[in-house]
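The values are calculated or read from the model by the stated rules, or taken from the named source; none is laboratory data. If you're wondering where the values come from, they're calculated on a predicted model, not measured in any experiment. FYI the Cβ positions are ideal-geometry reconstructions off the backbone, even for glycines, and counts take in every protein chain you see.
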Protein chains: 2
Amino acid sequence: MANSAEERRLAGLSELACLVADGVATTRSALIAATGLSRSAVAQRVDLLIERGLLVESEPLATDRGRPPYSLDLASDEALVLGVDLGATHSRIALTTLGGRVLADEAREIDINAGPERILGGVAEQIAKLCEANGRAPESLRAIGIGVPGPVEAESGTVVRPPIMQGWDGYRVPAFFEGRYPVPVLVDNDVNMMAFGEYVHRRESEHLLFVKVGTGIGCGIVAGGVLHRGASGAAGDIGHIGLPGHDDVLCHCGNVGCVEAVASGSALAAALRAEGLDARRAGDVVRLVSEGHPVARRQVRLAGRAIGEVLAALVSFHNPDTIVVGGVLAQLHEDLLADIRGVIYRRALPLATRTLKIENSMLGEQAGVLGSARLASRHLLSPRGIGAFLEARRR
Amino acid sequence: MANSAEERRLAGLSELACLVADGVATTRSALIAATGLSRSAVAQRVDLLIERGLLVESEPLATDRGRPPYSLDLASDEALVLGVDLGATHSRIALTTLGGRVLADEAREIDINAGPERILGGVAEQIAKLCEANGRAPESLRAIGIGVPGPVEAESGTVVRPPIMQGWDGYRVPAFFEGRYPVPVLVDNDVNMMAFGEYVHRRESEHLLFVKVGTGIGCGIVAGGVLHRGASGAAGDIGHIGLPGHDDVLCHCGNVGCVEAVASGSALAAALRAEGLDARRAGDVVRLVSEGHPVARRQVRLAGRAIGEVLAALVSFHNPDTIVVGGVLAQLHEDLLADIRGVIYRRALPLATRTLKIENSMLGEQAGVLGSARLASRHLLSPRGIGAFLEARRR
């Protein structure tokens with residue numbers, strides 16, 4: 001509930017922008033009818049949104065009688081949103097319209113441990129290059145969304161005690177962009193961004209889990225259409241849930257039997273190395289399975305069962321409609337998904353699995369970057385996002 | 001986002017009612033300023049809310065100059081909300097004001113298996129008796145919230161395949177009240193109501209789990225201030241999550257090693273019976289422990305560890321700020337909570353437990369009935385609740 005005059009003003013601007021974005025009311029008269037606001041209040045708000053480049057007003061619509069109305073729309077082509085997906089070894093960016101259409105994207109290899117200034121400097125270069133190659137002015141940017149491979153205090157965009165990402169602890173990512181782009185910068189954990197990307201892409205889902213099985217194991221949670229981050233931004237950190245019967249497996253967190261120590265890409269690579277195979281990382285496991293190596297295949301199936309045990313408990317608890325499996329190991333979907341599904345259907349309650357879908361990612365490598373862009377777009381049209389946007393333009 | 005003219009009208013009524021309820025705007029002028037609505041639009045909506053008995057307009061406020069404004073408030077004393085908590089063997093009701101103050105409550109013993117018509121008939125008797133004893137007219141009722149001991153399709157208030165509650169499967173609870181009270185009736189699982197009651201009572205909590213340890217084991221989930229029911233209303237059904245090392249324990253669900261088969265009140269009573277003790281149900285376990293019986297005490301501590309194992313995984317996944325333990329066995333908090341806490345702090349991630357509170361219920365036996373009343377109040381002021389209320393009054 002809005003409390004201050006300024007909050008109420010921003011809520012009002014957000015309401016109008018969302019009515020236009022969703023196509024519910026796309027003329028000034030329709031906005032007056034939809035909101036009950038006075039003509040002058042609508043005019044004042046719409047004019048501000050147009051002036052700041054979030055809405056556009058088109059040529060008059062053809063009508064049979066009377067004065068033809070001007071139609072309103074999101075400033076989609078003129079207003080750009082940038083999605084960024086930073087991984088341990090990749091930096092992927094995508095330029096989209098405010099309405100969500102992808103205009104261009106680019107990926108390059110990085111080492112996230114080079115630290116925030118160098119990595120984000122590289123992102124700024126990527127942005128400039130992509131804008132130029134596509135004939136877009138960087139001034140058209142309206143919002144930026146960034147997913148990073150570590151825990152984030154989402155309110156401020158600060159990286160908090162990341163297990164990887166050397167040099168990033170306590171770094172407030174939006175600070176880097178403040179001098180460069182006067183737009184809201186939304187930062188979140190990469191798996192949260194992937195979950196949000198798949199959620200927006202699958203229009204019929206409301207409660208979705210995105211399980212990333214790569215070097216580690218993590219989960220993004222959408223509950224009732226909203227990203228669930230939990231009390232300290234740690235929600236979805238399922239890699240260290242304990243597995244029965246693996247008390248002899250030591251995890252890097254200091255506990256034993258964590259699912260990440262048993263079934264992640266790096267755990268599988270270690271297990272295959274112990275069998276004398278050439279496997280240094282998750283990608284090598286995928287290669288060995290693709291080459292038809294039975295020991296590798298067996299390991300992946302056992303990993304699927306272990307992950308399924310953990311997910312069965314989470315299905316009983318959260319009752320999602322969709323579980324999306326992504327990450328490098330998800331390429332092995334025939335082997336991995338079969339065992340994950342088998343355990344969940346055997347172990348979780350029938351009421352919770354009746355209509356549950358367990359599927360591979362539809363967006364694949366693009367899930368993170370598209371989720372970042374969509375979350376940034378949605379944020380931009382929210383009361384807080386509009387507030388941050390107007391504030392940044394004022395400086 | 002509101003889509004039809006009627007939905008937008010209800011959203012507008014809800015907005016005004018909530019601004020008044022929260023004390024943000026309590027005069028017509030303040031509502032005009034807060035919403036940007038025209039004077040006539042505010043007048044039309046406020047008059048309707050007063051006429052239907054949700055708002056009241058008081059004597060003019062004293063001011064120094066000009067025409068003194070009339071102040072608006074929730075029709076709290078004139079408008080009542082009823083909370084109902086149905087258990088396997090009890091029916092508790094509480095009469096509250098729309099603002100949440102408890103006026104009176106009453107509990108009686110029932111057998112839920114007597115079926116919906118008899119049980120709800122008894123509730124109707126309780127309502128009439130409580131209203132009369134407190135000099136309140138049943139016509140003052142504005143909303144009813146009911147918690148039942150089984151799964152509920154919350155949208156329609158229909159009981160769905162309850163493990164107990166003979167004769168209730170497929171019964172739409174609001175239908176019983178339609179002829180009697182022209183108000184919205186909100187039905188939900190009893191543990192969800194308890195979770196919501198504790199959530200409202202603890203103002204600083206946002207992500208709360210209410211774990212009920214009684215005859216069975218269940219959980220209510222609040223995520224971001226909203227009850228999380230999941231895709232098929234099965235969220236929080238944690239009693240059948242599998243526990244490591246208990247593959248020899250058969251559960252009534254047909255699986256083995258479910259936490260409910262190992263650590264619930266009925267499981268503990270069975271274990272104590274096997275030791276030759278007189279224990280038929282959860283309450284007997286509490287009695288034996290209170291009498292200082294070491295075997296009973298030992299069983300409760302082992303149960304605490306088992307429940308802690310399950311909750312540790314859920315803490316890593318959901319990252320709540322508060323876990324409330326309720327139900328009959330929660331009376332043994334010194335024994336039960338100590339072990340639950342011990343396992344969670346040892347096993348869940350430090351980032352997720354840093355600020356986590358694990359406590360006994362503050363509301364005790366009242367959690368369900370107060371949660372039902374508060375959820376019904378909140379529903380009544382929502383767009384859908386206002387719609388249902390106006391619709392019912394029209395008939």
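Taking (1) surrounded by fewer than 22 Cβ atoms within 10 Å (Cβ to Cβ); (2) within 11 Å of chain B (Cβ to nearest Cβ); (3) of a type in the set (Lys, Arg) in turn, A:Arg280 satisfies each apart from (2). For residues in region B:122-172 being farther than 18 Å from B:Arg374 by Cα and without any contact (Cβ under 8 Å) to a residue 12 or more places away in the chain, which is surrounded by the fewest Cβ atoms within 10 Å (Cβ to Cβ)? Restricting to residues being farther than 18 Å from B:Arg374 by Cα and without any contact (Cβ under 8 Å) to a residue 12 or more places away in the chain, the top hit is B:Gly135. Taken over region B:222-243, residues that are within 8 Å of chain A (Cβ to nearest Cβ) and closer than 24 Å to B:Leu332 by Cβ amount to 6. Looking across region A:339-364, the residues that are away from every other protein chain (no Cβ under 14 Å), surrounded by 14 or more Cβ atoms within 10 Å (Cβ to Cβ) and among the hydrophobic types (A, V, I, L, M, F, W, C) come down to A:Ile340, A:Leu363.
In region B:22-38, of all residues being among the aliphatic types (A, V, I, L, M) and in a loop (DSSP other than H, G, I, E, B), the one that is farthest from the other protein chains (Cβ to nearest Cβ) corresponds to B:Ala25.
Within region B:244-254, being in a loop (DSSP other than H, G, I, E, B) and either more than 10 Å from chain A (Cβ to nearest Cβ) or farther than 30 Å from A:Glu204 by Cβ (or both) holds for B:Pro244, B:Gly245, B:His246, B:Asp247, B:Asp248, B:Val249, B:Cys251, B:His252, B:Gly254. Of all residues in region A:340-358, those that are charged (D, E, K, R) and at pLDDT 95 or above total 2. Within region B:369-377, at least one residue is more than 18 Å from B:Gly225 (Cβ to Cβ), at pLDDT 95 or above and either within 14 Å of another protein chain (Cβ to nearest Cβ) or crowded, with 19+ Cβ neighbours inside 10 Å (or both).
Helices (runs of 4 or more DSSP H) fully within region A:336-395 that include at least 3 residues being among the charged types (D, E, K, R): A:383-394. The one condition from (1) in contact with a helix residue (DSSP H, G or I) (Cβ under 7 Å, 6 or more places away or on another chain); (2) assigned to a helix (DSSP H, G or I); (3) loosely packed, with under 14 Cβ neighbours inside 10 Å that B:Ala269 does not meet is (3). Within region B:310-321, none of the residues are away from chain A (no Cβ under 14 Å) and charged (D, E, K, R).
Okay, residues lined up against (1) away from chain B (no Cβ under 14 Å); (2) modelled with pLDDT of 90 or more; (3) assigned to a loop (DSSP other than H, G, I, E, B); (4) out of contact with any Ser or Thr (no Cβ under 6 Å at 6 or more places or on another chain):
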residue: A:Arg45; (1), (2), (3), (4): no, yes, no, yes
residue: A:Ala62; (1), (2), (3), (4): yes, no, yes, yes
residue: A:Arg65; (1), (2), (3), (4): yes, no, yes, yes
residue: A:Pro68; (1), (2), (3), (4): yes, no, yes, yes
residue: A:Leu72; (1), (2), (3), (4): yes, yes, no, no
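Residues of region B:200-218 that are in contact with a Pro (Cβ under 6 Å, 6 or more places away or on another chain) and not in a strand (DSSP E or B): B:His207 alone.
The number of residues in region B:25-55 being touching a Leu at 6+ places or on another chain (Cβ under 9 Å) and more than 16 Å from A:Leu37 (Cα to Cα) comes to 9.
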